[in-house]
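These notes concern the structure reproduced below.
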Amino acid sequence: AQTVTQSQPEMSVQEAETVTLSCTYDTSESDYYLFWYKQPPSRQMILVIRQEAYKQQNATENRFSVNFQKAAKSFSLKISDSQLGDAAMYFCALQGGSEKLVFGKGTKLTVNP
Amino acid sequence: DTGVSQNPRHKITKRGQNVTFRCDPISEHNRLYWYRQTLGQGPEFLTYFQNEAQLEKSRLLSDRFSAERPKGSFSTLEIQRTEQGDSAMYLCASSLSDTQYFGPGTRLTVL
């Protein structure tokens, strides 16, 4: 069975600062994808960033970057220059061996002005 | 380019009633997924279609749940004889390859 664990139920950051959200996963697949999704309050799930497991280079999307440690099965998300609009639930997700996404329980990020 | 749409956005029903939700995927996407999300949890996979074929179903999808995608475009999810435990957000997603794009969801409340 594939699992995704987000050990931080809540995190907070000051506006303009940097925050890192943790995610660990378990899979027996050799080929898989990892994602971070953002879900603002009462709004829909938005893709933040994706990583192919076969790529060693960490993915980046503007202020968002990941630290992908394949051997440790770790996939953390770094948000730089945090903005008020970054406040949301962040979900780490794994897709491997089938089409379905397996999600963690999420981390609620608060951005303080 | 319109995103994934879902209707209705909210549904309140009494226990024992049947409900049906609709999902319209992004137009060129051939894959469509249903997930269920309860409060404080991440989404859980229910089922997946490639074109009109239902290729994978979760054990969460009891015999009271049925999903269809008759022409490979929109999909419907029906829940028969609803129970209070069915109260949740039902999310639809679509994809062309490995990245899934989500709709706004249908929030179901069973009284």
Exercise for the section: Test B:Thr76 against the criterion of being farther than 26 Å from A:Ala88 by Cα, more than 14 Å from chain A (Cβ to nearest Cβ) and assigned to a strand (DSSP E or B), and give yes or no. Expected result: yes
Problem - A:Thr24 touching a Ser or Thr at 6+ places or on another chain (Cβ under 6 Å) and not aliphatic (A, V, I, L, M) - result: yes
Exercise for the section: Tell me, please, whether a residue that is within 14 Å of chain B (Cβ to nearest Cβ), farther than 30 Å from B:Arg59 by Cα, in contact (Cβ under 8 Å) with a residue 40 or more places away in the chain and surrounded by 16 or more Cβ atoms within 10 Å (Cβ to Cβ) can be found in the stretch A:19-33. Expected result: yes
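Considering only residues of the stretch A:92-108 that are more than 7 Å from chain B (Cβ to nearest Cβ) and over 10 Å from B:Phe45 (Cα atoms), which is surrounded by the fewest Cβ atoms within 10 Å (Cβ to Cβ)? Please lay out each step first, then the result.
Narrowing the stretch A:92-108 to residues more than 7 Å from chain B (Cβ to nearest Cβ): A:92-94, A:96-97, A:102, A:107-108.
Add one more test, that the residue is over 10 Å from B:Phe45 (Cα atoms), and what stays is A:92-94, A:96-97, A:107-108.
Numbers: A:Cys92: 28, A:Ala93: 24, A:Leu94: 25, A:Gly96: 18, A:Gly97: 14, A:Thr107: 22, A:Lys108: 16.
Result: A:Gly97.
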Exercise for the section: Scan A:Pro41, A:Pro9 and give me the residue that is in contact with a strand residue (DSSP E or B) (Cβ under 9 Å, 6 or more places away or on another chain) and modelled with pLDDT under 95. Expected result: A:Pro41
Fill in the blank from the handout: Inside the stretch A:1-47, the number of residues satisfying the requirement of being farther than 24 Å from B:Gln100 by Cβ and of a type in the set (A, V, I, L, M, F, W, C) is 4
Problem - Identity of the residue in the stretch B:81-111, surrounded by fewer than 16 Cβ atoms within 10 Å (Cβ to Cβ) and touching a His at 6+ places or on another chain (Cβ under 9 Å), that ends up farthest from B:Gln41 (Cα to Cα) - result: B:Leu96
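Quick one: is A:Ala71 more than 14 Å from chain B (Cβ to nearest Cβ), surrounded by fewer than 19 Cβ atoms within 10 Å (Cβ to Cβ) and part of a loop (DSSP other than H, G, I, E, B)? Step through it out loud before you land on a result.
Details: more than 14 Å from chain B (Cβ to nearest Cβ): yes; surrounded by fewer than 19 Cβ atoms within 10 Å (Cβ to Cβ): yes; part of a loop (DSSP other than H, G, I, E, B): yes.
Considered against the rule, which asks whether it is more than 14 Å from chain B (Cβ to nearest Cβ), surrounded by fewer than 19 Cβ atoms within 10 Å (Cβ to Cβ) and part of a loop (DSSP other than H, G, I, E, B), A:Ala71 comes out as yes.
Can you confirm whether the stretch A:37-56 contains a residue that is part of a loop (DSSP other than H, G, I, E, B), away from chain B (no Cβ under 13 Å) and not hydrophobic (A, V, I, L, M, F, W, C)?
Let us first name the residues in the stretch A:37-56 that are part of a loop (DSSP other than H, G, I, E, B), namely A:40-45, A:53-56.
In the following step, the residues that additionally are away from chain B (no Cβ under 13 Å) were identified as A:56.
Then keep just the ones that are not hydrophobic (A, V, I, L, M, F, W, C); that gives A:56.
Taking every residue of the stretch A:37-56 in turn, at least one turns out to be part of a loop (DSSP other than H, G, I, E, B), away from chain B (no Cβ under 13 Å) and not hydrophobic (A, V, I, L, M, F, W, C).
Consider the stretch A:57-68. How many of its residues are under 14 Å from the mean Cα position of the chain (by Cα) and in a loop (DSSP other than H, G, I, E, B)?
Applying the first criterion (under 14 Å from the mean Cα position of the chain (by Cα)) to the stretch A:57-68 yields A:58-61, A:63-68.
Adding the requirement that they be in a loop (DSSP other than H, G, I, E, B) leaves A:58-59, A:63.
Residues in the stretch A:57-68 being under 14 Å from the mean Cα position of the chain (by Cα) and in a loop (DSSP other than H, G, I, E, B): 3 in total.
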Handout entry: Residue list for the stretch B:72-93, restricted to those being modelled with pLDDT under 95 and either over 23 Å from B:Pro104 (Cβ atoms) or under 14 Å from the mean Cα position of the chain (by Cα) (or both)
Key = B:Ser73
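Do the conditions hold for B:Leu96, that is, is it under 28 Å from A:Trp36 (Cβ atoms) and at pLDDT below 95? So that I can check it myself, show each step before the final result.
Details: under 28 Å from A:Trp36 (Cβ atoms): yes; at pLDDT below 95: yes.
Against the criterion (under 28 Å from A:Trp36 (Cβ atoms) and at pLDDT below 95), B:Leu96 qualifies.
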Problem - Matching residues in the stretch B:42-60 - criterion: being more than 15 Å from B:Leu108 (Cβ to Cβ), within 14 Å of another protein chain (Cβ to nearest Cβ) and either assigned to a loop (DSSP other than H, G, I, E, B) or touching a residue at least 60 places away in the same chain (Cβ under 8 Å) (or both) - result: B:Gly42, B:Asn51, B:Ser58, B:Arg59
Completion exercise
Conditions (1) closer than 20 Å to A:Thr3 by Cα; (2) surrounded by fewer than 16 Cβ atoms within 10 Å (Cβ to Cβ) -> B:Phe45 fails only (2)
Fill in the blank from the handout: Condition set in a strand (DSSP E or B) and crowded, with 19+ Cβ neighbours inside 10 Å, scope the stretch A:77-88, selection farthest from the chain's Cα centre (by Cα): answer is A:Ala88
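The values are calculated or read from the model by the stated rules, or taken from the named source; none is laboratory data. Predicted model only: the values in this text are computed from it and were never measured. Please note: Cβ atoms are built from the backbone with ideal geometry, for glycine as well, and neighbour counts cover all protein chains shown.
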